[in-house]
């Protein structure tokens, strides 16, 4: 059972990581994000960890139900709900306090906050003296969207932790749902 789960998880590495890394590299330079090797590799690390957490989430969703049709219904609804509170569709500070906790279990929030900080931190903008809506520094933009609560490294570590937790839940559900006839090893 353990070797099956490990083999299944590792089989996604070439299928998922290689195309997304190529796509990220192309998108990074086509969109003219900062041409800085450090910022590029930090962004790449955020994307790699986000993909890891996404695969773990998909595994957990797949192991939660016995029929694939049900998983195809539950996963998009769950992801859409998480995306609403991630900070990219609505300002993270503007979400009502009753629902604000959702962003802390959301892989999108940490990835978006990390990528947003990676791009805007250290930038300076030219503003006219009478323009009240212009931000002089990138850090002001990050703070106005409420994405400055955690540093970039913490966003990466938390997403990595969420991914590991999703894989542990998926493995536990696989062991429970499959009900093997041998002693747990």
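Only the coordinates and a few stated rules stand behind these numbers; no lab work does. On a predicted model such as this, the values are computed, not experimentally measured, just so you know. Glycine gets a Cβ as well: all are built from the backbone with ideal geometry, and neighbour counts include every protein chain shown.
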Mean separation of Cα contacts under 8 Å (at least 6 apart) over the residue count of the chain, i.e. the relative contact order in percent, is 28 percent
Kirkwood Rh over alpha-carbon pairs of region 18-64 plugged into Stokes-Einstein at 25 °C, 0.890 mPa s gives a D in µm²/s of 208 µm²/s
Normalised Cα Rg of region 50-145, dividing by 2.2 N^0.38 Å with N its residue count, works out at 1.42
Running a GNM on the chain with Cα contacts under 10 Å, which residue among 35, 171, 145 ends up with the highest mean-square fluctuation? 35
Could you work out [θ]222 nm for the chain from helices alone, using -39500 (n - 2.57) per DSSP H run of at least four and dividing by all its residues? Round to the nearest 500 deg cm²/dmol. -20500 deg cm²/dmol
What list do you get for 148, 36 if you sort them by fewest beta carbons within 10 Å? 36, 148
Fewest to most Cβ atoms within 10 Å: 137, 72, 50 sort as 72, 137, 50
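Only counting other Cβ atoms within 10 Å, I'd like 141, 157, 49 sorted with the fewest neighbours first.
Lowest to highest Cβ neighbour count: 157, 141, 49.
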Of 37, 170, 71, the most mobile residue in a GNM of the chain (C-alpha springs, cutoff 10 Å) is 37
Can you tell me which of 68, 152, 48 moves the most in a GNM of the chain? Springs connect C-alpha atoms under 10 Å apart. 68
Please provide three numbers in whole Å: the alpha-carbon extents of the chain along the principal axes, with the largest listed first. 74, 39, 28
